[in-house]
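Participant: Quick one: the structure is below, questions incoming.
The values are calculated or read from the model by the stated rules, or taken from the named source; none is laboratory data. From a predicted model like this one, the values you see are computed outputs, not experimental measurements. In this analysis, Cβ positions are derived from the backbone assuming ideal geometry, glycine residues included, and neighbour counts consider all displayed protein chains. Surface accessibility is based on the protein's heavy atoms, side chains included, excluding ligands, DNA and RNA. Shrake-Rupley method; radii C 1.70, N 1.55, O 1.52, S 1.80 Å.
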Amino acid sequence: MGLFCVNLLRKHPLYLNGPAYLSRSFQTSLCRQRRPTATKTSIDTELHASKACKNQLPPETIDSVFQLKLRRSFSQRHPVLSENVLSSPVGRLRRGPHVPIIWLSQRGQNFHTSCSHRALPAPLIWLVLKPLQKITAIILGRSIRNWWLALPPNKQLLLRQEVWRCRWKLTAGGMAAMVVMAIFLLTNLDESPVTGRTRLLVFSRENYMELAAVIADGYMEEFANSLVPEKDPRHQVVEIVVQHLAQRNQDIPEVASIPWSVHVVDSPIVNAFVLPNGKVFMFTGMLEAVADVHQLTFILGHEMAHAVLGHSAEQASLSHAVDFLSLIMLTAIWALCPRDSLAVLGQWIQTKLKQFMLDQPYSRKLEAEADQVGLQLAAKACADVRAGPVFWQQMEINDQLTGEPTIPEWLSTHPSHKNRVTQLDRLVPQYLELRESCSCPALPATDPRTVFSQSVKVLLEKGRKEVKGNEERLKPLPLPQSLNTELRRTILPGGPDTALPASDTATPLGIPSHTPWPSQPHPLGP
């Protein structure tokens, strides 16, 4: 399993040019890592700024990290090459216990330590209160309905008249509430890093960092027995790629401020995710799904882009604002519907409309943005950005071969593989220019997208020929006339010249498919 990169490359069409294909392109630039200097970079919110690649590395460090990666990948096959590698230090993030609160004495010699008490993060409190808010809205709406039905008809009429007389006051109150809501939304607008897109951000980045720490502890406890050791080549490959991506994108403040750390989970699930605090969780199923290090860099860039852009806080903020309006609608549904069954149906319709018209389209929008920014991060890391569309083509073919059901895009939280390929193909030319501006090694002239398409055509043609050959081999051959006559004489009671019924159909052996078994004794005996 530790040799997954090399083994997959040998089977993949992109390996046609040999290992030199990788060493001349991305993996050669992978060696250019060095520790970041303590210089402070200016904030750059444009995708293609002229200073996007100002942290260039000296040419004398070109092959160090790539050779380190290759030796680790071949450590089981070439122990001599990896002898010095396993003993060499690998750049890792400092991981320590929570910093205690320290009380120093007056003399400053004796001190006492104790663990700090952390308050629950605001997003976690909101997640806990969210179902309680729905229950409260349902109870309130149902209580209003029961109160209204319990009123006598004359009081209902008086109440309607009173509401009509105060209609302008009620309208003014509703408009004032809308103004307050608009002010709340406008005062919580934020500019997305890297892309500069305006978005709603109710929860701060610090609040979600606290929530991410709680979630990370839960994941570490859940995956405690399936984490790959840090000395495992699979962990080391992911660690090197993540640190290389972070090093080459130090000009983005959000990338430089996050302490990235890697955790590889031994599981066949094809998935990877990054928490807002920089905890990278990679499943070995994803490592087996990628064909080369370029695709691995694109996937990690995509997941790191979610953390850099703060998509989790953005999506929760939008959900928080929409849920507030949904509570008003939910209360009205339970108050106006005459029966509980109709209220439940109305609540279900409201939930589905919110899901399909707002939540899932917005989620697909964030995924498309992460694809774009991830491609930018990979381009600045000198990866072959043309491998991004190839990965999603592979996933599409894999789903077809494994019989995975095809879900329409409007029912999914992610764009379809086909639409992702189309979007990435449109973005590849401009990010190739960005890659070239970062003084990256030249890419091979062979486009991996073309190689993959041609390989798929060849495999499909070969499969058609094999299926056609199998059909020809399985086609039944007619029996000789003498053997056919002997079978008819043995089975049919009237001899070989007995005419078949018009309603019966003959089998390839010349035997009618619906011929009843003879009632008289068989010529060959019982």
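Participant: Arranged from highest to lowest average of other beta-carbon atoms within 10 Å per residue, in what order do the peptides 136-146, 152-162 appear? Working shown, then result.
Facilitator: On the way: 136-146: 16.0, 152-162: 10.0.
Taking the mean over residues of other Cβ atoms within 10 Å, the ranking is 136-146, 152-162.
Participant: Please give the peptides 368-374, 242-248, 209-215 ranked by average Cβ packing (other Cβ atoms within 10 Å per residue), highest first, as a rough proxy for protection.
Facilitator: Going from most to least packed, we get 242-248, 368-374, 209-215.
Participant: Please list M304, M220, M175 in order of solvent-accessible area, largest first, computed with a 1.4 Å probe with all protein chains present. Intermediate results must be reported in sequence, preceding the final value.
Facilitator: Details: M304 5, M220 65, M175 115 Å².
So the residues, ranked largest to smallest area, are M175, M220, M304.
Participant: Whole Å is fine, so just give me how far the alpha carbon centre of the range 415-456 lies from that of the range 127-160.
Facilitator: 58
Participant: Moving to a separate point now. Long-range amide H contacts for V262: which residues qualify at under 5 Å (H placed 1.01 Å from N, peptide plane, sequence gap of 5 or more or a different chain)?
Facilitator: Amide H to amide H, under 5 Å and 5 or more residues apart or across chains, V262 pairs with V280.
Participant: Placing +1 on the Cβ of each Lys and Arg and -1 on the Cβ of each Asp and Glu in the range 392-470, which of Y431, P405, G463 has its Cα farthest towards the positive end of the resulting dipole?
Facilitator: Working it through, the farthest residue towards the positive pole turns out to be G463.
Participant: Another question about this same structure. Quick check for me: using +1 on Lys/Arg Cβ and -1 on Asp/Glu Cβ, what's the dipole size of the range 363-462 about its Cα centre, in debye to the nearest 20?
Facilitator: Values: 11 positive and 13 negative charges, 20 e Å.
Dipole of the range 363-462, to the nearest 20 debye: 100 debye.
Participant: If you average the alpha carbon positions of the range 334-364 and of the range 179-232, how far apart do those two centres end up, in angstrom?
Facilitator: The range 334-364 and the range 179-232 have Cα centres separated by 27 Å.
Participant: Just to confirm a number: summing +1 for Lys and Arg and -1 for Asp and Glu over residues other than V390 whose beta-carbon lies under 12 angstrom from that of V390, what do you get? Present the calculation step by step, with values, prior to reporting the outcome.
Facilitator: Values: positive: R386, R420, R449; negative: D292, D384, E396, D425, D447.
Surrounding charge for V390 is -2.
Participant: While we're on this one: Apply the Karplus curve 6.51 cos²θ - 1.76 cosθ + 1.60, θ = phi - 60°, to the phi angles in the range 269-277 and return the couplings in whole Hz, x for Gly and Pro.
Facilitator: Using θ = phi - 60°, the values come out as 5, 8, 7, 7, 8, 10, 7, x, 8 Hz.
Participant: Looking at the range 282-324 from every direction and averaging, what is the projected area of its Cα convex hull in nm²?
Facilitator: Working: hull surface 15.2 nm².
For the range 282-324, the mean projected area of the Cα convex hull comes to 3.8 nm².
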